[in-house]
Structure formats: structure tokens, C-alpha cells
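The values are calculated or read from the model by the stated rules, or taken from the named source; none is laboratory data. Because the structure is predicted, anything quoted here is derived from the model rather than measured. Cβ placement follows ideal geometry from the backbone for every residue including glycine, while neighbour counts extend to all protein chains displayed.
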Amino acid sequence: MIGGTNVQFAHDPATGRVVVIEINPRTSRSSALASKATGFPIALVSSMLAAGLTLDEIPYWRERDPRPVHALRRLRGGEVRRWAFEKFRGVQDRLGTQMRAVGEVMSIGKSYKEAFQKAIRSLENGRPGLGFARDFHERSLDELMEMLREPTSERQYVLYEAIRKGADLDVLFERTHIKRWFLEQMKELVLLEEELLRHAGRLPPDELLVRAKKDGFGRPLPRKILRVPEKDVRERRARLGVVEGWEAVPVSGVENASYYFSTYRAPDAVAATPRERRR
């Protein structure tokens, strides 16, 4: 079978054991998004892996392209669920095995942090990033840690503020069972945001501005964190050569067709078409 399927794995970080917990040959929302955004024939590659091949042994599925599958690991995808508990009376914001999301967003970037932040902004819930959501930044660390006992739709935002207030990552892992690597990535975003906040009211040093753009801090950066005109930030980073680039991800089974994503971590690799744009 070639095409979309949903394969879910469980990973025990203590032992490294990985087990398959679900294989769903029907096209679910998540597998459809993943396959569509990357052109990746998930079922075909999963079957090859199950047969014992490693990623460097599986050839890329497009003809005349010698790259192995693992070459695509330079891309990172961010998929974030969209909840809307505020629209339903009497429904408790608590997550479990029951499907309660009303949708999801997917983003592609050159790093996890870039893709993650793009996905957060794509939720269209008025939040420019993970920081300063609701009143979480005003709560004590003890309050935040108590809130993390139950998984909710706000858990990522609560985690962010708990890390800002000095929560130990090992304790956060024990409380949430979110792998430490993801917690470390979030901590790096927190520390970078704290550096930016120390320069509020003025443009930050060039190196800091470059890091912020490459790690996915988007257009709300000038307004929400630096509190300086967006035009000033844009002009400064343009002079530094930090401009938006585009990359293509080929679509499986279709000639000369691609999906495109933007990044500040690479130069523009997509040539503009000479054809007239359709309206």
C-alpha cells in the first residue's frame, strides 16, 4: 500500500523501548496533513521499516532522486491541536483518550523551535506565542505546578511560564511525561524571550535579533516583546541579511509539483515563475 496511514508509536524514555500502539490505514486528519504537506508516502516507508530496513537504506520515492529518506530529517514539522472549550457550555477542559480537538494546524520549518512557534501563531486564537497567555505569568510556581497535574489545552502555555519561573525540567518531566528534549527546546525559547525583554523599548543587539528570527519569533516580536515600531525591526534585520526564504517540498507521485514553506534559517531556494499569476 502506498499513501496515507496513521502509525502511532509509544516511546519509553527510561529504557528506549519503542512500540507501535496503533496502525490506522484510513486517512485521518493528522496523516492526511502530514502526507499532503510533505508528499511523504507514510505507509510505504512504514512497511519498509517494519521489514527491517533502516532510514539510510530506503531510497527516496521520487524517480531520479538519489537522496535517501533520512535526508528529509533536516525539516521539522509542528502539528498543534486547536481546542475551543470556550464554545461549549459545561465541558471541562481536560484531555484524555477522547478526541476533543476541533481542528489542528501544521507548520514546517528548519528547526523544531521555528516550526513550533509558527504553529502556535497559526492557531488564530490571538496569541502571538507561548508567553504571557491569560494570567499564567502572574501565578506562582506552586500554582503553575499544580495546574500541570491534569493535561489541558493550556498545558504548553503553563509549562512555558513554569520554566520562566525556574521549574526544574526533571520535575516537569515527572509531572507531565513530556520528553526532556522538548522541555529543553522550550527552555531555550524562554531564555531567549527573557533576553529580548531586557531590551524592551529599543532595538536589541544584532546577534540577538538574528537568533530570535531564526528561532521562530514572528511579526508580533516588535509589538509584544520589544515594544518598538515593526518597521524599525524589519529594516534592521534586512540590513543584516535576515530575510524570508522559501523552500520546496516535492509532492509524491506528481511531476513538477511542490508545497512551499518559509524560513529565516536558509536563503531563498525557489525561483519565481514567469507565468502570470491567476486571480
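Here is a check on your reading of the model: is Leu221 of a type in the set (A, V, I, L, M, F, W, C), at pLDDT below 80 and in contact with a Leu (Cβ under 9 Å, 6 or more places away or on another chain)? Break it down stepwise before answering.
Values: of a type in the set (A, V, I, L, M, F, W, C): yes; at pLDDT below 80: yes; in contact with a Leu (Cβ under 9 Å, 6 or more places away or on another chain): yes.
Spelling it out, Leu221 is indeed of a type in the set (A, V, I, L, M, F, W, C), at pLDDT below 80 and in contact with a Leu (Cβ under 9 Å, 6 or more places away or on another chain).
Any idea which of (1) under 16 Å from Arg234 (Cα atoms); (2) surrounded by fewer than 17 Cβ atoms within 10 Å (Cβ to Cβ) is the one Leu203 doesn't satisfy?
(2)
So Val233 ticks every box in (1) in a loop (DSSP other than H, G, I, E, B); (2) β-branched (Val, Ile, Thr); (3) more than 22 Å from Leu123 (Cβ to Cβ) but one. Which box is left unticked?
(1)
Only one residue in Leu226, Leu196, Leu221 is surrounded by 16 or more Cβ atoms within 10 Å (Cβ to Cβ) and more than 20 Å from Phe116 (Cβ to Cβ), so which one is that? Before you say what the answer is, go through the steps one by one.
Values: Leu196 fails: more than 20 Å from Phe116 (Cβ to Cβ); Leu221 fails: more than 20 Å from Phe116 (Cβ to Cβ).
Exactly one residue qualifies, and that residue is Leu226.
So which residues in the range 136-155 are within 23 Å of Gly216 (Cα to Cα) and not hydrophobic (A, V, I, L, M, F, W, C)? Working first, answer last.
Initially, the range 136-155 is screened for residues within 23 Å of Gly216 (Cα to Cα), giving 136-137, 153-155.
Within the range 136-155, His137, Ser153, Glu154, Arg155 meet the criteria.
Which pairs turn up if I take residues in the range 235-250 that are closer than 19 Å to Ala115 by Cβ and among the aliphatic types (A, V, I, L, M) and look for partners that are at pLDDT below 90 and part of a loop (DSSP other than H, G, I, E, B) with beta carbon separation below 6 Å, at least 6 apart in sequence or on another chain?
Cβ pairs passing all conditions: Ala248/Val270.
Please go through the range 1-22 and give me each residue that is at pLDDT below 80 and out of contact with any helix residue (DSSP H, G or I) (no Cβ under 8 Å at 6 or more places or on another chain), ordered by number. Even if it seems obvious, please write down each step before you answer.
First pass over the range 1-22, keeping only residues at pLDDT below 80: 1-8, 13, 21-22.
Listed by number, the residues that qualify are Gln8, Ile21, Glu22.
Determine, yes or no, whether Val228 is modelled with pLDDT of 85 or more and touching a Pro at 6+ places or on another chain (Cβ under 9 Å).
yes
Show the residue pairs that are 6+ apart or on different chains and have beta-carbon atoms under 6 Å apart, the first residue being within the range 129-142 and under 11 Å from Tyr160 (Cα atoms) and modelled with pLDDT under 90, the second being charged (D, E, K, R) and not in a helix (DSSP H, G or I).
Ala133/Arg127
Are any residues in the range 109-128 in contact (Cβ under 8 Å) with a residue 60 or more places away in the chain and in contact with a strand residue (DSSP E or B) (Cβ under 9 Å, 6 or more places away or on another chain), and if so, which ones?
So the first thing to find is which residues in the range 109-128 are in contact (Cβ under 8 Å) with a residue 60 or more places away in the chain, and the list is 109-118, 121, 128.
Those that are in contact (Cβ under 8 Å) with a residue 60 or more places away in the chain and in contact with a strand residue (DSSP E or B) (Cβ under 9 Å, 6 or more places away or on another chain): Gly109, Lys110, Ser111, Tyr112, Lys113, Glu114, Ala115, Phe116, Gln117, Lys118, Arg121.
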